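The values are calculated or read from the model by the stated rules, or taken from the named source; none is laboratory data. The shown structure was predicted, so the numbers you read here are calculated from the model rather than taken from an experiment. Cβ placement follows ideal geometry from the backbone for every residue including glycine, while neighbour counts extend to all protein chains displayed.
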Amino acid sequence: MTDSDTRRDWMGLIARAPAARLDALWPDDAPPFDWLRRPEQGSMMVQGRAGAVGAAFNLGEVTVTRASVRLSCGAVGHALVQGLDARKAERAALLDALLQTPAQVELSARVLAPLRAAEAQAQQDSARRAAATKVDFFTMVRGEG
C-alpha cells in the first residue's frame, strides 16, 4: 500500500466515523495549529451507478463541511465530512495532520484501529441481516404426460 493509499484510507475512515466516537477515542486537547481553511459548509454532487457497474449519473447533493489546518511542525491536514459538523471537520483535519507525524503509530492504534474494527463489525452485522432475508428459489420440473 502506498502512502497516498494509506492517507486516503484513514481520511475516509475518519470521515465516516460518528463524531461522538471520534471524541471518545481522542479526547485530548488539540495541539497548537493554524487554520488554513476554517470549517466551511456547502454541498456537493454525489454520483451513483446502476447496479454498481453502469454509467455514473448524478444522484443528488449532500451537505458537507471542510477544513484545513497546519500544525506547528508544518504537517498539513484536510477534512471533508458529510453534514454540518464543524467540530468533526476540525477534529478530522487535525487527525489527518497528526497521522503524518511521528504520532502516527500511537494514533493508529488508539483511534484508527477501533474505528476499523467498529466499521467491520457494522458491515458484518448488515450482511448478517441481509442474509437472514435471503430467499432461495428453485424450480421443480413437472413431468408431462
If you go through the range 32-54, how many residues are out of contact with any strand residue (DSSP E or B) (no Cβ under 6 Å at 6 or more places or on another chain) and either within 21 Å of P102 (Cβ to Cβ) or modelled with pLDDT under 90 (or both)? 6
Would you check if E90 is in a helix (DSSP H, G or I) and exposed (fewer than 14 other Cβ atoms within 10 Å of the Cβ)? no
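Report whether or not R116 is surrounded by 14 or more Cβ atoms within 10 Å (Cβ to Cβ) and assigned to a helix (DSSP H, G or I).
Values: surrounded by 14 or more Cβ atoms within 10 Å (Cβ to Cβ): yes; assigned to a helix (DSSP H, G or I): yes.
Answer is yes for this residue.
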Sole miss for A103 among (1) at pLDDT below 95; (2) surrounded by 16 or more Cβ atoms within 10 Å (Cβ to Cβ); (3) small (G, A, S); (4) touching a Leu at 6+ places or on another chain (Cβ under 9 Å) is condition (4)
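Tally time: how many residues in the range 53-84 are in a loop (DSSP other than H, G, I, E, B) and surrounded by 10 or more Cβ atoms within 10 Å (Cβ to Cβ)? Let's see the steps before the verdict.
Filtering the range 53-84 for residues in a loop (DSSP other than H, G, I, E, B) gives 53-55, 72-75, 83-84.
From what's left, surrounded by 10 or more Cβ atoms within 10 Å (Cβ to Cβ): 73, 75, 83-84.
Looking only at that region, the number is 4.
Taking the options R38, R128, name whichever one is outside any helix (DSSP H, G or I) and of a type in the set (D, E, K, R).
Values: R128 fails: outside any helix (DSSP H, G or I).
The match here is R38.
Among the candidates R66, R38, R49, which residue alone is in contact with an Asp or Glu (Cβ under 8 Å, 6 or more places away or on another chain) and either of a type in the set (D, E, K, R) or without any contact (Cβ under 8 Å) to a residue 40 or more places away in the chain (or both)? Outline the logic, then answer.
Numbers: R38 fails: in contact with an Asp or Glu (Cβ under 8 Å, 6 or more places away or on another chain); R49 fails: in contact with an Asp or Glu (Cβ under 8 Å, 6 or more places away or on another chain).
Among R66, R38, R49, only R66 is in contact with an Asp or Glu (Cβ under 8 Å, 6 or more places away or on another chain) and either of a type in the set (D, E, K, R) or without any contact (Cβ under 8 Å) to a residue 40 or more places away in the chain (or both).
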